[in-house]
Amino acid sequence: MKDCIFCALADERILMGKGGMLLIEDAYPVTQGHSLVFPKRHVETWFDLSDEERATLDELLIQQRKVLLASDPSITGFNIGTNCGEAAGQTIPHCHVHLIPRRAGDVENPRGGVRGVIPEQQQY
């Protein structure tokens, strides 16, 4: 799809790839090392991936986690997430999964993690 930024991605942005999945650094990182994994095939959400694609996506997430941990000892955790649909905050209609490295003290109170997508529900 020519209007899709992931389908038209320049090769030099690709850090690694495997079995139809690609990994890049996020262009607007939340933290240093924030990465995206997505299929070459244009599909809108994680739910549209095949089982094989999801397995390969997981392999790339795990591989990138190892790369990041080996290069940055300050990383003490990760958030993994994807937005599926406009109501969930998806702004690019091409499936992509975020791998966000976390460091102790990077926010005042990390409790609730991904629950922060609805700020009133983050703390429980």
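Figures for the structure shown
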item: Label point distance in nm, residue 58-residue 3, each placed 7 Å from Cα along Cα→Cβ; result: 3.5
item: Helix 51-71 vs. the chain, principal-axis angle (Cα, 0 to 90°, nearest 10); result: 50
item: Choice from 31, 56, 91 with maximal GNM fluctuation in the chain (Cα, 10 Å cutoff); result: 91
item: The chain, accessible surface, carbon-and-sulfur percent (1.4 angstrom probe); result: 54
item: Cβ-Cβ FRET estimate between residue 121 and residue 27, R0 fixed at 30 Å, reported to 0.05; result: 0.60
item: The chain, relative contact order [Cα under 8 Å, separation at least 6], %; result: 25
item: GNM flexibility winner over the chain from 61, 23, 15 (Cα, springs under 10 Å); result: 15
item: Gained length - residue 74 relative to residue 13, 0.36 nm times residue gap less alpha-carbon distance; result: 19.5 nm
item: Cα centroid of the stretch 2-44 to Cα centroid of the stretch 72-96, whole Å; result: 12
item: Gaussian network model of the chain, springs between alpha carbon atoms under 10 Å - residue of 97, 37, 107 with greatest fluctuation; result: 107
item: Å² per residue, accessible surface of the chain at 1.4 Å; result: 64
item: Estimated distance in nm for a label pair at residue 92 and residue 114, the labels positioned 7 Å out from Cα along Cα-to-Cβ; result: 1.9
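The values are calculated or read from the model by the stated rules, or taken from the named source; none is laboratory data. Quick caveat: nothing in here was measured; it's all calculated off a predicted structure. Backbone-built Cβ (ideal geometry, glycine too); neighbour counts: all protein chains shown. The accessibility values were calculated without ligands, DNA or RNA, using every heavy atom of the protein model including side chains. Shrake-Rupley method; radii C 1.70, N 1.55, O 1.52, S 1.80 Å.
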